[in-house]
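Presented below is the structure to which this report refers.
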Amino acid sequence: MTTTTNTAAQITEAAPSRRRRMREPSDDTRKTNWWATALIAVCSLTVLIPMYLAVVVALKTPDQLTSGTGFEWPNPIRWENFADAWTRTDFPQALANTAMITVGSVVFTLLTSSVVAYALARNIHRPFFKGVFFYLLAALFIPFPIIMLPLVKQTAILGLDNQAGLIVLYTIYGLSLNIFIYTAYIRSIPIELEEAARMDGASTWGVFWRIIFPLLTPMNATVGILTCVWAWNDFIMPLVVLTDPAARTLPLAQYVFQGQFNTDYTVAFASYLMAMAPLLIVYIFSQRWVISGVTRGSIK
């Protein structure tokens, strides 16, 4: 009896240690992959070096820029470049125009692309919807310069050569890629969720807004970031569409630094950093949101 009791006690004491060993990762998983680390470090230099160069040039005087290799830290620092860029580009007005176009494009893109993708994803077995799906995908292979001149003519005729017209164009031209992203994700959502909602009396719109759209958080974040970066940094479409100088965006406003014979690089780089700062802040916060959204979507 005593032997049995001692054996049971030993098993009881050994069980937690065995469980700890099972939970602890093996030594192989703790080893650092130095080749991958070195590759990531080298690749990061392709971003850090141009960023450092942009900051250095923005803080220099024209004389400091022409002397040396360009990588030297300026001494003294010329903060007046940012003030000159603020004035010469009319930065507040250009920032307001860019922000309005970007926010409008993101909102309308999320609303329209998700609805169209939901209709296509749930009816892709029908020939008409399948044809529409491949028709939209085919638009991905049409270069923008081919349709640029007809676009200028149509926007002028329809009175869309303004900020509202740019919002409409960004929403329409982003439809192909966004539907491709949305459709694949919606088809992975179990149809049983919609059937259960319909049995409770929900309409098609109710199923989409109450069931499907909340589950699209990861894709909404992805599409929203892609649209935001595109609308904020785009130069060609505002250049050919906008006719009012007061409606120019930040990329167009920065074009004033390029003269016929020279370019004011120091003030221009200061303007580039000022235009990049709002988008960089948005990206920092939205990146965390995307990661959390993808995590929620993976355990859906």
Arg126 being surrounded by 14 or more Cβ atoms within 10 Å (Cβ to Cβ) and more than 23 Å from Thr243 (Cα to Cα): no
Residues of region 88-114 satisfying the condition of being of a type in the set (Val, Ile, Thr) and modelled with pLDDT of 90 or more: Thr98, Ile101, Thr102, Val103, Val106, Val107, Thr109, Thr112
So, Ala231, is that one modelled with pLDDT of 90 or more, within 22 Å of the chain's Cα centre (by Cα) and of a type in the set (Gly, Ala, Ser) or not? yes
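Going by the conditions given, is Leu149 under 18 Å from the mean Cα position of the chain (by Cα), on the phi < 0 side of the Ramachandran plot, without any contact (Cβ under 8 Å) to a residue 24 or more places away in the chain and part of a helix (DSSP H, G or I)? Write out each step before concluding.
Numbers: under 18 Å from the mean Cα position of the chain (by Cα): no; on the phi < 0 side of the Ramachandran plot: yes; without any contact (Cβ under 8 Å) to a residue 24 or more places away in the chain: yes; part of a helix (DSSP H, G or I): yes.
Considered against the rule, which asks whether it is under 18 Å from the mean Cα position of the chain (by Cα), on the phi < 0 side of the Ramachandran plot, without any contact (Cβ under 8 Å) to a residue 24 or more places away in the chain and part of a helix (DSSP H, G or I), Leu149 comes out as no.
To keep it simple, each residue is scored yes or no on (1) under 24 Å from Ile172 (Cβ atoms); (2) touching a residue at least 60 places away in the same chain (Cβ under 8 Å); (3) touching a Gly at 6+ places or on another chain (Cβ under 7 Å); (4) not assigned by TED's automatic domain parsing to the domain that holds Leu120.
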residue: Phe208; (1), (2), (3), (4): yes, yes, no, no
residue: Pro214; (1), (2), (3), (4): no, no, no, no
residue: Val229; (1), (2), (3), (4): yes, no, no, no
residue: Met237; (1), (2), (3), (4): yes, yes, no, no
residue: Val240; (1), (2), (3), (4): yes, yes, no, no
Can you tell me which of Arg210, Arg187, Arg248 is over 24 Å from the mean Cα position of the chain (by Cα) and not aromatic (Phe, Trp, Tyr)? Arg210
I want to confirm something. Restricting to region 59-94 and keeping residues that are basic (Lys, Arg) and assigned to a loop (DSSP other than H, G, I, E, B), which single residue is surrounded by the most Cβ atoms within 10 Å (Cβ to Cβ)? Lys60
If we keep only residues of region 177-196 that are buried (at least 18 other Cβ atoms within 10 Å of the Cβ) and of a type in the set (S, T, N, Q), then the residue nearest to Leu120 (Cα to Cα) is Thr183
Please go through (1) touching a Cys at 6+ places or on another chain (Cβ under 9 Å); (2) surrounded by fewer than 16 Cβ atoms within 10 Å (Cβ to Cβ) for Val106 and return the number of the only condition it doesn't satisfy. (2)
I'm trying to understand the selection: among the residues of region 186-231, which are of a type in the set (Lys, Arg) and not in a helix (DSSP H, G or I)? Arg187
Within region 107-128, can one find any residue that is assigned to a loop (DSSP other than H, G, I, E, B) and either of a type in the set (Asp, Glu) or out of contact with any Phe, Trp or Tyr (no Cβ under 9 Å at 6 or more places or on another chain) (or both)? yes
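The values are calculated or read from the model by the stated rules, or taken from the named source; none is laboratory data. For clarity, every value in this text was computed on a predicted model and none was experimentally measured. Cβ sites come from the backbone with ideal geometry, for glycine too, and all protein chains shown count toward neighbours.
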